[in-house]
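Chemist: Let me give you the structure first, and then I'll get to my questions.
The values are calculated or read from the model by the stated rules, or taken from the named source; none is laboratory data. Here the structure is a predicted model, which means the values were calculated and not measured. Every residue, glycine among them, receives a Cβ derived from its backbone with ideal geometry; neighbour counts consider all protein chains shown. All accessible areas refer to the heavy atoms of the entire protein, side chains included, with ligands and DNA or RNA removed. Shrake-Rupley method; radii C 1.70, N 1.55, O 1.52, S 1.80 Å.
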Protein chains: 4
Amino acid sequence: MACRILANAGLAEDILGHVSVRVGADRMLVRCRGPQEQGLLFTFDEDVRQVDLDGRGELEGWAVPNELPIHGEVLRARPEVDAVVHCHPPAVLVAGVEEVPLRPVFGAYNIPAARMALEGVPVYPRAVLVRRPELGRELVEAMGASTVCVMRGHGITTVGSGPHAVEQAVVRALTLDVLARVSVERARLGDRAADLTPEDVAELPDLGSSFNDLNIWRHHVARLRLSGLALD
Amino acid sequence: MACRILANAGLAEDILGHVSVRVGADRMLVRCRGPQEQGLLFTFDEDVRQVDLDGRGELEGWAVPNELPIHGEVLRARPEVDAVVHCHPPAVLVAGVEEVPLRPVFGAYNIPAARMALEGVPVYPRAVLVRRPELGRELVEAMGASTVCVMRGHGITTVGSGPHAVEQAVVRALTLDVLARVSVERARLGDRAADLTPEDVAELPDLGSSFNDLNIWRHHVARLRLSGLALD
Amino acid sequence: MACRILANAGLAEDILGHVSVRVGADRMLVRCRGPQEQGLLFTFDEDVRQVDLDGRGELEGWAVPNELPIHGEVLRARPEVDAVVHCHPPAVLVAGVEEVPLRPVFGAYNIPAARMALEGVPVYPRAVLVRRPELGRELVEAMGASTVCVMRGHGITTVGSGPHAVEQAVVRALTLDVLARVSVERARLGDRAADLTPEDVAELPDLGSSFNDLNIWRHHVARLRLSGLALD
Amino acid sequence: MACRILANAGLAEDILGHVSVRVGADRMLVRCRGPQEQGLLFTFDEDVRQVDLDGRGELEGWAVPNELPIHGEVLRARPEVDAVVHCHPPAVLVAGVEEVPLRPVFGAYNIPAARMALEGVPVYPRAVLVRRPELGRELVEAMGASTVCVMRGHGITTVGSGPHAVEQAVVRALTLDVLARVSVERARLGDRAADLTPEDVAELPDLGSSFNDLNIWRHHVARLRLSGLALD
């Protein structure tokens, strides 16, 4: 479902991207590719397989993502993380390679995106395919303690924690996409906007994960259903 | 229905925005968020609850918007207003923060939008979440006697009056969005267009609320039906 | 059907635009607005009424367009014209007010659009509502012998002749929209393209109305059917 | 099916474009136009006819494309080629006439597109209708040994080889479109991105035709099915 939401929201153009969720210290569920792979938008239950953090498990004809180390190394290095999203939003790609700054110039338009801009979004500067553990560890290092990371010339990685870790990681990906899209639009117009004032920042409360993550998640599930893409 | 139109027309990206309508000196119906909130596009009849201008009422598990003071303070301060719309059109956000002027350079393309540009659109300069009455009163003051207001870094507020107050407020939101979208497109091309001449302005009659508001309202209802989003 | 095609192709945003076809020296069928008007995309057979060139006829609750003189004066002044289209393509609006030139820089991409650019597109410079015959005559004069005209700050008027006059006028509107959209995209990138060389122009034959108009018409009818908007 | 995928992905606006596949040294199947032609998106099995490389065959009311020499001359000159795609992606048109460079600035975002940029995309500089064999031979010469070619002011030609030649040629067209779209977006923002470093290029493996072509093909077939456009 998470994969379908990302694809339906335009964050994955065709077949690239995956989501994982921790199910133990060294185990995760991860979206794999089957013999009849049709892309993220057409993910089915059986595409989600359980493997260890190095990608070993009973795959029955499915293949783990080439970039499994993104999931394995993030989950290994950060015990507080329970879910990892990797995808390729076009606006983030363009903002990344053209070095469009993701500045905090709006507020209540989208408070999570404003807070993300205030906190700063780390950048992993290499456009490589993260198919080896050492490249995954480079990504982990670039990401630091952040919940999101731009992979320049490539895509994004976001994480979530707790009982709604998948919803949180997916909504963070959607939020980073909003921030990038607005920033690209602004850059086309000159990027003249001033940063938020401290007085206005003080009036942008964190409305909480239940408000931000679960409501937005349900909204996207409803959009999938409207498009004939619900799994139930 | 008003909420679904706004969302279907792209004026609200996911869960943010609300509509209210006066049902007495101190009472209003307002779009609230329920326990299974799915966003504006998926508004149901039971999401509309009656409360007083401070948001008190029998809510049965629904919650009034965080920004209820937008509705309460506008309706309190302006007795001629019967409906209030608040939403977050992306083009208005970008035009607002990049200070793209909303100039009157077109005419019969969209007469209500041309007249809106001629009259001028006030700007509330703060990007704050309007969750306290004093912030609502700041907004009321910035808006003055206008029927529309840009909230910079945030969104818009529009109002309507009379028996078709909701239709009027919704169509004003759609009209402001058209004006912002054209202005942003023009700004990308250099913003070289001259303002309308007085001779041409004289040939742009007000075709009346029945023509402008009700026809456009029915058009958007028909679009919702086409998309499988009608409530009947 | 013509109205639905124009709206489905994005040449009319909501309720504005109309099509007429000559049925005698002083008679025409014209798309009128009924008591339950829903916009061009939702045009029904009964919205098409027969009137004289001044808009008089048995209307039974329908109203002729405010801009009936566009149709009446063009059909009166040009006996070779059998159909008239008026609509508001957003790209033409923006190109018109920002004075983006519609230059012949592409060829086989779209030969009718290339030939339209080579022949030049006249501009009626006033943004007025053409609701009086004298304004219609101004438009006729600006249009000259051309089959298309940009109405700056307003929209376009196109005409067709012969047994497939409506198809021809509609496809000319679609073609002018392609030319404007490409020109706007080019202008954003600097408008550096060179005009076509005479050698290349010589290799761009007119493929004829049957190829250009009827095939494209059938394509758009098929798109309407796909969208659930066919009338049969 | 290939034609429908191209049209559904926005690479052909209405009726222009065609696909061919070799079925012998001097025979090919090619998408023709029938008496009820409705455009690429609405291609039916009977629109595919077998002809020789000069377009002669039993056509039964269908007509070969005006630009049959694109297919005939490419298949004649290059025995390793088994399928040819010709279409008109808008982003490639704009990039071509405005001379937007297709530079290798991204990596794992889309490895085939990155490799296409690294190898370079040849340009056929004439905007002519390729309706004579000598023009087809000019195109073949400009294309050289490449699998893709930009036809400036016109469109693109791509080829494929082997048992999945059609899938390969179609995916190469989709890949060239991605490269052009990203390049146009970047050009609007200043085209400041640096080329990939050799170290990063070394980490962008060719994942093979099965991964790239067949998975993407199945994805687009699934999208057609979702849109009600599958042929089965």
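Chemist: Keeping the other protein chains in place, figure out the carbon and sulfur percent of the accessible area of chain D, with a 1.4 Å probe. Intermediate values should be presented prior to the final figure.
Modeler: Details: 4290 of 8250 Å².
Reported share for carbon and sulfur atoms: 52 percent.
Chemist: By how many degrees, between 0 and 90 and to the nearest 10, does the Cα long axis of helix D:68-77 differ from the longest principal axis of chain D?
Modeler: It is inclined by approximately 70 degrees.
Chemist: If you average the alpha carbon positions of segment C:100-167 and of segment D:178-232, how far apart do those two centres end up, in angstrom?
Modeler: So the separation of the two Cα centres works out to 39 Å.
Chemist: Here's something else I'd like to know. State the answer as a single residue: which of B:L229, C:V100, A:L53 lies farthest towards the positive end of the charge dipole of the protein assembly as shown, with beta carbon charges of +1 for Lys and Arg and -1 for Asp and Glu, about the Cα centre.
Modeler: The one lying farthest along the dipole's positive direction is C:V100.
Chemist: What accessible area per residue, rounded to a whole number of Å², is obtained for segment B:68-226 using a probe radius of 1.4 Å?
Modeler: Details: 5270 Å² over 159 residues.
Per residue, segment B:68-226 has an accessible area of 33 Å².
Chemist: In nm, give the distance between the simple-model label positions of A:Q50 and C:R27, each being 7 Å from the Cα along the Cα-to-Cβ direction.
Modeler: Going by the 7 Å Cα→Cβ label model, 7.9 nm.
Chemist: Next question, about the same structure. Using a Gaussian network model of chain D with C-alpha springs under 10 Å, which one of D:L40, D:L214, D:L68 is most mobile by mean-square fluctuation?
Modeler: D:L214
Chemist: Can you pull the percent of Cα pairs in segment C:16-122 with separation above 22 Å?
Modeler: Counting pairs separated by more than 22 Å, the tail of P(r) holds 45 percent.
Chemist: Can you tell me the mean projection area, over all orientations, of the convex hull of the protein assembly as shown's alpha carbons? Units nm², please.
Modeler: Over all viewing directions, the protein assembly as shown projects a mean Cα-hull area of 36.9 nm².
Chemist: Still on this structure, I have one more. Looking down the axis that turns D into A, which residue of D has the closest beta carbon, and how many Å out?
Modeler: For chain D, the closest residue to the axis carrying it onto A is D:R188, 4.
Chemist: Another one. Can you give the mean number of other chain Cβ atoms that lie within 10 Å of the Cβ atoms in peptide A:162-174?
Modeler: That average works out to 0.
Chemist: Charges at C-beta only: +1 for Lys and Arg, -1 for Asp and Glu. How large is the resulting dipole of segment C:68-226 about its Cα centre, in Debye rounded to 20?
Modeler: Working: 17 positive and 19 negative charges, 127 e Å.
That gives segment C:68-226 a dipole magnitude of about 620 debye.
Chemist: If the label point is 7 Å along Cα→Cβ of C:A63, which residues in segment C:28-55 have backbone nitrogen under 12 Å from it?
Modeler: In segment C:28-55, the label zone of C:A63 (backbone N under 12 Å from the point 7 Å along Cα→Cβ) covers C:33-37.
Chemist: Rank D:H164, C:H154 by accessible area, highest first, at a 1.4 Å probe radius?
Modeler: D:H164, C:H154
Chemist: From other protein chains only, count the Cβ atoms within 10 Å of every residue's Cβ in D:123-131, then give the mean.
Modeler: Whole-number average of other-chain Cβ neighbours for D:123-131 is 5.
Chemist: Ok, one more. Quick one: among C:E119, C:E37, C:E199, which has the greatest mean-square fluctuation in a GNM of chain C with alpha-carbon springs under 10 angstrom?
Modeler: C:E199
Chemist: What's the total accessible area buried between chains C and D, using a 1.4 Å probe, rounded to the nearest 100 Å²?
Modeler: The summed interface area works out to 3100 Å².
Chemist: Oh, and also: How fast does segment D:68-226 diffuse by Stokes-Einstein, in µm²/s, taking the Kirkwood radius from C-alpha pairs at 25 °C and 0.890 mPa s? Provide the component values of the computation, followed by the final result.
Modeler: Numbers: Rh = 16.3 Å.
Reported coefficient: 151 µm²/s.
Chemist: Over the whole of C:200-213, what's the average partner chain Cβ count within 10 Å per residue? Rounded to a whole number, please.
Modeler: 3
Chemist: Taking 7 Å along the Cα-to-C-beta vector as the label spot, tell me the D:R192-C:A77 distance in nanometres, rounded to one decimal.
Modeler: 5.1
Chemist: In the neighborhood of B:V97, defined by Cβ-to-Cβ distances under 9 Å, what is the net charge if each Lys or Arg adds +1 and each Asp or Glu adds -1?
Modeler: That sum, taken over residues with Cβ under 9 Å, equals +1.
Chemist: Just name one of A:W217, A:L189, A:F42: the one whose Cα is farthest towards the positive end of the charge dipole of chain A (beta-carbon charges, Lys/Arg +1, Asp/Glu -1).
Modeler: Checking the options against the dipole of chain A, the answer is A:L189.
Chemist: How much of the DSSP bridge set in chain C is antiparallel, in percent, rounded to the nearest 5?
Modeler: 90
Chemist: Return the loop-located trypsin sites (Lys or Arg not before Pro) in segment A:131-223 (DSSP other than H, G, I, E, B) with at most 14 other Cβ atoms within 10 Å of their own Cβ; answer none if there are none.
Modeler: Here the trypsin sites (Lys or Arg not before Pro) that fit, given the DSSP loop and packing criteria, are A:R192.
Chemist: Considering only the other residues whose Cβ falls under 12 Å of the Cβ of C:R56, what net charge follows from Lys and Arg at +1 and Asp and Glu at -1?
Modeler: Net local charge, C:R56 excluded: -2.
Chemist: What's the angle, to the nearest 10 degrees (0 to 90), between helix C:133-143's Cα axis and the longest principal axis of chain C?
Modeler: 20
Chemist: With a 10 Å cut-off between alpha carbons and a GNM built on chain C, which of C:P104, C:P198, C:P89 moves the most?
Modeler: Highest fluctuation among the options: C:P198.
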